[in-house]
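Visitor: After the C-alpha cells below, expect a handful of questions from me.
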Amino acid sequence: MTVMEPIIATTEPQQRINLLGLTRGQMEQFFEGLGEKRFRAQQVMKWIHHHGVLDFELMTNVGKNLRHKLAQCAEIKPPDIAEQQDSVDGTRKWAVRVEGGSLVEAVLIPDGDRATLCVSSQVGCSLDCKFCSTGKQGFQRDLTAAEIIGQVWLAIDSYDAWQPGKGRVVTNVVMMGMGEPLLNFDNVVAAMSLMTDDIGYGLSKRKVTLSTSGVVPALDRLAEFSDVSLAISLHAPNDAIRSTIVPINKRHPIADLLASGKRYLDAQTDKKRVVTIEYTLLAGINDQPEHAHELTVLLRDYPCKINLIPFNSFPNSGFSRPSGNAVSRFWKVLIDAGFVVTVRTTRGDDIDAACGQLVGEVVDKTRRAERYRAQYALEAPQ
Ligand code: SAH
Ligand code: SF4
C-alpha cells in the first residue's frame, strides 16, 4: 500500500477503522468517504493528537450525529502499556503491548529542556546485525502506523501533558528503537508525517530522525515522502568489516549507502543539513586507530556528523565494549581530522543488553533504564 492510498470507510462495527494512525490526507479521505466535509479531519486530529481524546463523545465541536456515526465505524486506539519504568535520572521506558500480544519498547530520555523519544518500528528485526539484541530475536512483524504514532501518544499521555502550557513532553523523536524503519516504509512515513504535521505533534522535521542500517532502495524513495533528519548506521570504515557485522552491507555496500544518503540530503530544501553517522565501537573489531583513519578518508567531504556509540553488551553477544582509552583515541583521530563527533559513553559499563531487547526477562529495573539511556541518548538535533 502506498501512503496516500484511499482508506475505505466501513460501517461494519466489528471492522472499526483506527483513526490514530491516519495522516491528514488519509483522514480527509475517510471523512469524504463518510459523506462529510474535509475540515472534520482537522477537528478530529486535533482532539486526538493535541488533546489526547479517544472518545468521540468528548469532541464537542463535532455534531452529535457525526459523533454517533464515528462511534459506529471508527475508533481511536493506542497500544497498551504493559510496563512502565522510571529511572532516577528521569528516563522513562515503556513496554508497549501491540495487537497480538507482542511487546516493543519506547524510551523517553529527558535532557534539560529537551526530551527525546526513541520509537520502535517493528517487532524484532530481520537484518540480523551481529551486535544487536533486536536482530538476534529475528523478525515478527511490522508495526502499524497507529502502533508507531501510538508510542508518541502514550508518552505524552503517561505524563498527562495534553493541556497547553504544561511544557512539551516530547521535543524530539528518533526512529531508533526496535526494527529497521525503512523496511516498514509506508507505516513509518505515515507516522513521521503525523509527528511533523501541525495538527499532529507539530515537531520540526529536524527534530525527527530516521535511523537506517542501509536499505538503499527504500532510502532512495524516502525524499519523495519525507524530509526528516537522517542517521546512517555505518559502524565500519570499509566493506570487509561492515559485511561481517551488518549483513545488509553485502547487498548494499558502503559507497551505495553513502551516495543514497547524500542524494537524500540534496533533495532537501534546507542545504545546511547533514547525515548523522552512527558508529558502534566494538572492541578489536572496528575501534582501532587505523579504522578511525580509514573513516576520516571515507567521510572526507561527506556532509555529516559522527556519533560514536560504545557497544552496549548483552549476554552471549560475542562482542565487548572498548576501553575508555580506545574510545578517546578513536574520537581524537576524527576530531583532529575536523569532524564533528559526539560520544555516548558515560552510562552503562554494567549494562547487559542493547537495542530494544524485549521485556520479560528479569533485569533490575534501574539498570535497564540506565542501559536505555546509554543506548539511546544519541545526539538529537537541536
Ligand atoms: N534499525 C535501525 C534503527 C534501530 S537501532 C538501525 O540499525 O539504524 C539504533 C542504533 O543502535 C543503530 O545505530 C544500531 O546499530 C545501534 N545498536 C544496536 N545494537 C547496539 C548495541 N548493542 N550497542 C550499541 N549500539 C547498538
Ligand atoms: Fe535491525 Fe537496526 Fe538491530 Fe540491525 S541494528 S538488527 S537493522 S534494529
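The values are calculated or read from the model by the stated rules, or taken from the named source; none is laboratory data. Please read these numbers as outputs of a predicted model, since none were measured by experiment. Methodologically, a virtual Cβ is constructed for each residue, glycine included, from the backbone with ideal geometry; neighbour enumeration extends over all protein chains shown. Keep in mind that these areas ignore ligands, DNA and RNA; they rest on the heavy atoms of the full protein, side chains included. Shrake-Rupley method; radii C 1.70, N 1.55, O 1.52, S 1.80 Å.
Visitor: Taking the stretch 73-89, which residues are in a loop (DSSP other than H, G, I, E, B) and either among the polar types (S, T, N, Q) or open to solvent by less than 40 Å² (accessible area, probe 1.4 Å) (or both)?
Guide: Once the filter is applied, which keeps residues that are in a loop (DSSP other than H, G, I, E, B) and either among the polar types (S, T, N, Q) or open to solvent by less than 40 Å² (accessible area, probe 1.4 Å) (or both), the stretch 73-89 yields Ile76, Pro78, Pro79, Ser87.
Visitor: Select from the stretch 90-109 the residues that are open to solvent by 20 Å² or more (accessible area, probe 1.4 Å) and assigned to a strand (DSSP E or B) and list them in ascending order.
Guide: Arg92, Arg97, Leu103
Visitor: Here's a follow-up. Within the stretch 294-313, take every residue that is within 15 Å of ligand 1 (Cβ to nearest atom) and β-branched (Val, Ile, Thr) and give me the one that is modelled with the highest pLDDT.
Guide: Among those that are within 15 Å of ligand 1 (Cβ to nearest atom) and β-branched (Val, Ile, Thr), it is Ile306.
Visitor: Give me the pairs, please: first residue somewhere in the stretch 80-94 and on the phi > 0 side of the Ramachandran plot, second residue anywhere and open to solvent by 10 Å² or more (accessible area, probe 1.4 Å) and of a type outside the set (Ser, Thr, Tyr), beta-carbon distance under 6 Å, and either six or more positions apart or on two chains.
Guide: Gly90/Pro110
Visitor: Related question: Looking at the stretch 301-341, which of the residues that are assigned to a loop (DSSP other than H, G, I, E, B) and among the hydroxyl-bearing types (Ser, Thr, Tyr) is nearest to Gln137 (Cα to Cα)?
Guide: We begin by selecting, within the stretch 301-341, every residue assigned to a loop (DSSP other than H, G, I, E, B); these are 301-303, 311-323, 337-340.
Of the ones still in play, those that are also among the hydroxyl-bearing types (Ser, Thr, Tyr) are 302, 313, 317, 320, 323.
Values: Tyr302: 34, Ser313: 15, Ser317: 12, Ser320: 19, Ser323: 27 Å.
In this case the residue turns out to be Ser317.
Visitor: Sticking with this structure for a sec: Tally the residues that are farther than 19 Å from Ser193 by Cβ and part of a loop (DSSP other than H, G, I, E, B), restricting the search to the stretch 21-51.
Guide: The qualifying residues number 5.
Let's see how each residue does on (1) of a type in the set (A, V, I, L, M); (2) in the same structural domain as Gln43 (by TED's automatic domain parsing); (3) touching a Phe, Trp or Tyr at 6+ places or on another chain (Cβ under 7 Å):
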| position | (1), (2), (3) |
| --- | --- |
| Leu183 | yes, no, no |
| Asp186 | no, no, no |
| Ala190 | yes, no, no |
| Val216 | yes, no, no |
| Asp220 | no, no, no |
| Phe225 | no, no, no |
| Leu230 | yes, no, yes |
| Arg242 | no, no, no |
| Asp266 | no, no, no |
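Visitor: Specify which of the listed residues (Leu70, Leu66, Leu54) is of a type in the set (A, V, I, L, M) and part of a loop (DSSP other than H, G, I, E, B). I'd like the intermediate steps shown before the answer.
Guide: Numbers: Leu70 fails: part of a loop (DSSP other than H, G, I, E, B); Leu66 fails: part of a loop (DSSP other than H, G, I, E, B).
Sole residue among the options that is of a type in the set (A, V, I, L, M) and part of a loop (DSSP other than H, G, I, E, B): Leu54.
Visitor: Can you tell which of Asn61, Asn18 is over 24 Å from Ala190 (Cβ atoms) and modelled with pLDDT of 95 or more?
Guide: Asn61
Visitor: Does Gly112 satisfy being within 16 Å of ligand 2 (Cβ to nearest atom) and surrounded by fewer than 18 Cβ atoms within 10 Å (Cβ to Cβ)?
Guide: no
Visitor: What's the number of the only condition in (1) within 16 Å of the chain's Cα centre (by Cα); (2) within 19 Å of Ser233 (Cβ to Cβ); (3) open to solvent by 10 Å² or more (accessible area, probe 1.4 Å) that Ser126 fails to meet?
Guide: Condition (1) is where Ser126 drops out.
Visitor: Check whether at least one residue in the stretch 173-184 is within 14 Å of ligand 2 (Cβ to nearest atom), open to solvent by 20 Å² or more (accessible area, probe 1.4 Å) and in contact with a strand residue (DSSP E or B) (Cβ under 9 Å, 6 or more places away or on another chain), and report yes or no.
Guide: Taking every residue of the stretch 173-184 in turn, at least one turns out to be within 14 Å of ligand 2 (Cβ to nearest atom), open to solvent by 20 Å² or more (accessible area, probe 1.4 Å) and in contact with a strand residue (DSSP E or B) (Cβ under 9 Å, 6 or more places away or on another chain).
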